[in-house]
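Read the structure below first, then the notes.
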Amino acid sequence: MLPVRVLGAHEPQNVSEPHIFGMFCPFCRDSLAQGLLGRFDYAEGVTLTQSCIQYRQTFGSWRLHVPTVKWDYYSPMPNDVQSPHARKAHRAEIQRFREFLEQLTGQKLTNEKLDAAIALVNENRRLLHAIYEYRKEANPKVTGVEALYAALTAQFIDKAEHNAELKKVLAALPARKMAREEGIRFMTIGSENDDVAFMAMVESVGSTIVIDDQCSGTRYFWNESKPDADPIKAIAERYCDRPACPTKDYPNHTRFDHVLNLAKDYKAQAAVFLQQKFCDPHEGDYPDLKRHLEAAGIPTLFLEFDITSPIEPFRIRIEAFLETLREDDLF
Ligand code: SF4
């Protein structure tokens, strides 16, 4: 089986509103539209692990209304991952998913097969880390757009093939010469982001995106499954230990220091919040996280995204932000 992630297409669409509200986040509406428009008709089944309520309802519509879906599976996950019961509960859910897949495929998912798969995916995470490591350098040999492609393609391609491609990139990087100005070093913060046109625009006006805290970027691959005699426990615990997203980061806000440490490690000079319109979890975190970064000397900019967002108003906002940073003699 080849898992692929459902993403949007950033195109105008008029098919999702009979199924989910127009005030659901653009990522939800765009993802559902892609299913309804048949863009994932090569996928036989659809699965979701609990994140936010909006995406849960998007998943409900996918499984009811996307005609090519032959099977579906919803995996509950404790949003309160800080509870002492979370790990045990999530291990039980992953075990249930294992049994579902065994029934679906008629194949036994043995511990040996799971150990081999964990090793392959962990290798992918290490290789992505090695590529991201280059972003710490002055005028990095990997741009933000390239890093985004590396993380996104991992979510679609067979992991063994992806690992082979990442190794080729890593072999070529030491000799690479960059013919572009570094400009100001940005961090991006938010939820899902596959907006390559936006990222390319940001990097074309005098900046380099050096790190992110996004579910389609670092949060996807940042931590590994730790070796364990029980591979189901190893998989479940990795999810509980991931750098948290706002839906799973209470009562303690562990992500605020994690985001700040990323900014420091990658020498980000400013941060841009990429906010999906109507995304309550990220909007709830925003004021405190902004204060946390600014108190540590990292200025921030807030941008709100819809399914289609014309690039020019964003260009003006980014250019104005860069000008302010330079005028304030911050850099
Ligand atoms: S967390 Fe936010 S961006 Fe992600 S699906 Fe939920 S509402 Fe949308």
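Here are the numbers:
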| read-out | value |
| --- | --- |
| Sparse-neighbourhood loop sites, chymotrypsin sites (Phe, Trp or Tyr not before Pro) in region 5-37 - DSSP loop, at most 16 other Cβ within 10 angstrom | F21 |
| Long-range HN-HN contacts of Q276 with modeled amide H, under 5 Å | S191, F305 |
| Bins of 10 Å, starting at 0 and running to the largest distance - Cα pair percent for region 139-293 | 10, 34, 37, 16, 2, 0 |
| Whole-Hz couplings from phi, Karplus 6.51/-1.76/1.60, listed for region 157-172; x for Gly and Pro | 9, 3, 5, 5, 5, 5, 4, 4, 5, 5, 5, 5, 4, 5, 6, 8 |
| T254/E17 FRET efficiency (R0 56 Å; Cβ-Cβ; nearest 0.05) | 0.95 |
| Accessible-area composition of the chain, carbon plus sulfur, in percent [1.4 Å probe] | 56 |
| Residues with amide H under 5 Å from that of S75, placed H, sequence gap 5 or more | L48, T49, Q50 |
| Within the chain: Cβ-based charge dipole about Cα centre, in debye rounded to nearest 20 (Lys, Arg +1; Asp, Glu -1) | 860 |
| Pairwise label distance in nanometres, Q57 with A117, each label 7 Å out on the Cα-Cβ vector | 3.2 |
| Added length on full extension, which subtracts the Cα-Cα distance from 0.36 nm per residue, H65 to R180 | 36.7 nm |
| Candidate lysines - alpha carbon under 24 Å from K159, same-chain residues fewer than 8 apart omitted | K108, K113, K141, K167, K168, K226, K233 |
| Table column - 3J(HN,Hα) (Hz), region 176-190, Karplus curve with 6.51, -1.76, 1.60, x for Gly and Pro | 6, 10, 8, 9, 10, 7, 6, x, 8, 8, 9, 10, 10, 9, x |
| Model label zone, D265; criterion: amide N under 16 Å from point 7 Å along Cα-to-beta-carbon; scope region 114-137 | 125-137 |
| Separation in nanometres of the label points that stand 7 Å from Cα toward Cβ, at E323 and H129 | 4.2 |
| Percent of C-alpha pairs per 10 Å bin, the chain, short to long | 5, 23, 34, 26, 10, 1, 0 |
| Distant-in-sequence amide H partners of T300 (H built 1.01 Å from N, under 5 Å) | A271 |
| Proximal lysines relative to K136, as straight alpha-carbon distance under 16 Å, when same-chain residues fewer than 8 apart are discounted | K177, K264, K267 |
| Calculated P(r) tail over 17 Å for region 247-310, as whole % of Cα pairs | 43 |
| Vicinal HN-Hα couplings computed from phi for region 208-224 (Karplus, 6.51 cos²θ - 1.76 cosθ + 1.60; Hz; Gly/Pro x) | 10, 8, 9, 6, 9, 10, 9, 6, 8, x, 4, 4, 5, 10, 5, 10, 9 |
| Pairwise FRET efficiency - E312 versus K226, Cβ, R0 = 56 Å, nearest 0.05 | 0.75 |
| Whether region 41-104 is rounded, prolate or oblate, judged on the alpha carbon gyration tensor where a/c under 1.5 counts as rounded | oblate |
| Net length gained if the chain between L104 and E294 were fully extended (0.36 nm per residue, minus Cα distance) | 63.4 nm |
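The values are calculated or read from the model by the stated rules, or taken from the named source; none is laboratory data. Model, not experiment: these values are computed from the prediction. Please note: Cβ atoms are built from the backbone with ideal geometry, for glycine as well, and neighbour counts cover all protein chains shown. With ligands, DNA and RNA removed, areas are computed over all heavy atoms of the protein, side chains included. Shrake-Rupley method; radii C 1.70, N 1.55, O 1.52, S 1.80 Å.
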